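The values are calculated or read from the model by the stated rules, or taken from the named source; none is laboratory data. Note that the structure is a prediction, hence the values are computed from the model and not measured. Glycine gets a Cβ as well: all are built from the backbone with ideal geometry, and neighbour counts include every protein chain shown. In case anyone asks, the SASA skips ligands and DNA or RNA and just uses the protein heavy atoms, side chains included. Shrake-Rupley method; radii C 1.70, N 1.55, O 1.52, S 1.80 Å.
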Amino acid sequence: MNDARAQEPLSLERAVSLAAAHNETALAAGARAEAAEARVARARAFFLPRLSVTGGYTRRPQETTRQVGGETVVVQRYNALRAGVVAQVQLFDARGVPLYQAAARDREASALDALETRRQVAFQAATGFLSTLGLEQVAEAAQRRLAFSKQSLEDARARASAGLASTNDVTLAELNVATAEATLADAVGQAATSRLELGYLLVAPVEGSLVLPETLLGEASRPVDSFKNLAGGALERRPDLLSAHLRVEAQRALAREPLARLFPALSASAQYSLNNESGLTGRTGNGFLSVDLTWTLYDGGERYADRRERLALARALEWEAAGQVRRVDVAVARAEVSLRTAQASLSRNQVAVRAARQNAEETSLLYRQGLVAALALSDAQVRQYEAEVALAQARYSLGSALLELRAAVGLDPLGKEP
């Protein structure tokens, strides 16, 4: 079943889905978000009561007794049993509020970080998909070049046998075949390597054919001005920017915690114990209730040092967040330039491929008729190959430019909000 699925044609949408669902980097980010959720639960436990139960058994070598009013009272038994219940509750501790606020902001930021990690993994998969597809198209162009070279070699041999051309044409044609074979081997190797890297990103082997992402390329061919409305909501969409602001809030909450140490802490505890040794009092149970007030008047300046450190870290995070925000406009502008350049390049290369193919066909026909030299035919075939390679690269660049724009404005590779 898995082998059959691996042989299925792979679309860009499925590649993105596989990477987001199975890549270890995305899964690790999700686990870190779960850890942040657990830290919130731990911070919440600061406000809740604690209840514990203890029990014990003691075996003694002898009993201890006392005479009380003519009766023998067992003070310590051979087998002593005891049980106790202790309840504690923090009635007031100002530190708990900022610590809980910091944990809550950290949880929200970690969830956004996990979302951003999945988004970046999806973009890596999409870019790897386009790269692999482009390299495979280059390998196909190299295969066509080899086929043309072999055909030209047959024509050269036929013309040489008929005395219509010199053996130099045959030698040149053989050199062209050898060059085409080396070029094909290199192109196939690069495509295979790219497939392996794509399979690593998807955590699944990529053995079937790759489906040309017509939707992506069609969207990328739209006028660049039609994407202007996307840049406006980038700050509200990008998880990394939202997470950066939450990190600042979390650090500022932590900076308030040292000031909370200026207030006293009030706690209450209750304890009740049972044993099987009534002793001289005649009671087997005993308990108490206590209220404790703790006020650290001076801690050597530690609280103020902690506050200065945390405020400095908060300012550092704030400056970093401001830099990320300022970078958005640059990233969007660069992506728009790349998209405009890729569109123009694709248009030029499409024209160049049509012209190169027509030139190669006409030159081949003229060579069979003895109207052009073998060198002209070889040059035409090389130009056709180079034009086809440039076209494959232009398609890859066009798709990559749109992916770059979508990443900058906070969308996923498929153009949806994460």
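Observations
- Among the criteria (1) touching a Lys or Arg at 6+ places or on another chain (Cβ under 9 Å); (2) exposed (fewer than 13 other Cβ atoms within 10 Å of the Cβ), the one Gly287 does not fulfil is (1).
- Given (1) at pLDDT 85 or above; (2) within 30 Å of Arg283 (Cα to Cα), number of the condition Ala31 does not satisfy: (2)
- Subset of segment 153-175 that is of a type in the set (Gly, Ala, Ser) and in contact with a Ser or Thr (Cβ under 7 Å, 6 or more places away or on another chain) - its residue that is most open to solvent (accessible area, probe 1.4 Å): Ala160
- Among the numbered conditions (1) closer than 29 Å to Glu181 by Cβ; (2) modelled with pLDDT under 90, the only one that Val389 does not meet is (2).
- When the criteria are applied in full, Val206 fails the requirement of being in a helix (DSSP H, G or I) and either open to solvent by less than 50 Å² (accessible area, probe 1.4 Å) or in contact with an Asp or Glu (Cβ under 9 Å, 6 or more places away or on another chain) (or both).
- Pair list, Cβ under 7 Å, 6 or more apart: segment 203-230 residue small (Gly, Ala, Ser), other residue buried (at least 18 other Cβ atoms within 10 Å of the Cβ): Ala204/Leu18; Gly208/Leu10; Ala220/Leu339; Ala220/Leu398; Ala220/Gly399; Ala220/Ala401; Ala220/Leu402; Ser221/Gln343
- Checked against (1) open to solvent by 30 Å² or more (accessible area, probe 1.4 Å); (2) within 30 Å of Tyr367 (Cβ to Cβ); (3) part of a helix (DSSP H, G or I), Arg105 meets all criteria but (2).
- Restricting attention to segment 380-392, the residues that are open to solvent by 50 Å² or more (accessible area, probe 1.4 Å) and out of contact with any helix residue (DSSP H, G or I) (no Cβ under 6 Å at 6 or more places or on another chain) add up to 1.
- Residues considered: Arg315, Arg326, Arg308, Arg334. Of these, the only one that is farther than 27 Å from Ala260 by Cα, among the charged types (D, E, K, R) and without any contact (Cβ under 8 Å) to a residue 40 or more places away in the chain is Arg326.
- For Val325, the conditions (1) part of a helix (DSSP H, G or I); (2) open to solvent by 50 Å² or more (accessible area, probe 1.4 Å); (3) under 30 Å from Leu254 (Cα atoms); (4) among the β-branched types (Val, Ile, Thr) are fulfilled apart from (2).
- Only one entry of Phe129, Phe123 meets the criterion of being over 25 Å from Leu184 (Cα atoms) and either out of contact with any Cys (no Cβ under 7 Å at 6 or more places or on another chain) or among the aromatic types (Phe, Trp, Tyr) (or both), and that entry is Phe123.
- Test result for Glu37, of a type outside the set (S, T, N, Q), more than 30 Å from Val206 (Cα to Cα) and within 20 Å of the chain's Cα centre (by Cα): yes
- Annotation for segment 366-379: no member residue is open to solvent by less than 10 Å² (accessible area, probe 1.4 Å), in a helix (DSSP H, G or I) and over 30 Å from Thr167 (Cβ atoms).
- Condition broken by Pro239, with the remaining ones in (1) touching a Pro at 6+ places or on another chain (Cβ under 7 Å); (2) open to solvent by 30 Å² or more (accessible area, probe 1.4 Å); (3) of a type outside the set (Gly, Ala, Ser) satisfied: (2)
- Search result, residues across segment 178-203 that are buried (at least 18 other Cβ atoms within 10 Å of the Cβ), over 30 Å from Ala122 (Cα atoms) and among the hydrophobic types (A, V, I, L, M, F, W, C): Ala180, Leu184
- From the list Ala142, Ala111, the lone residue that is assigned to a helix (DSSP H, G or I) and open to solvent by 40 Å² or more (accessible area, probe 1.4 Å) is Ala111.
- Pairing residues of segment 354-367 that are under 17 Å from Ala141 (Cβ atoms) with residues that are open to solvent by less than 20 Å² (accessible area, probe 1.4 Å) and aliphatic (A, V, I, L, M), at Cβ distances under 7 Å and at least 6 apart in sequence or on separate chains, gives Ala356/Ala387; Asn359/Ala380; Ala360/Ala380; Ser364/Leu377.
- Search result, residues across segment 393-418 that are open to solvent by 10 Å² or more (accessible area, probe 1.4 Å), closer than 21 Å to Arg14 by Cβ and assigned to a helix (DSSP H, G or I): Arg395, Tyr396, Ser400, Arg406, Ala407
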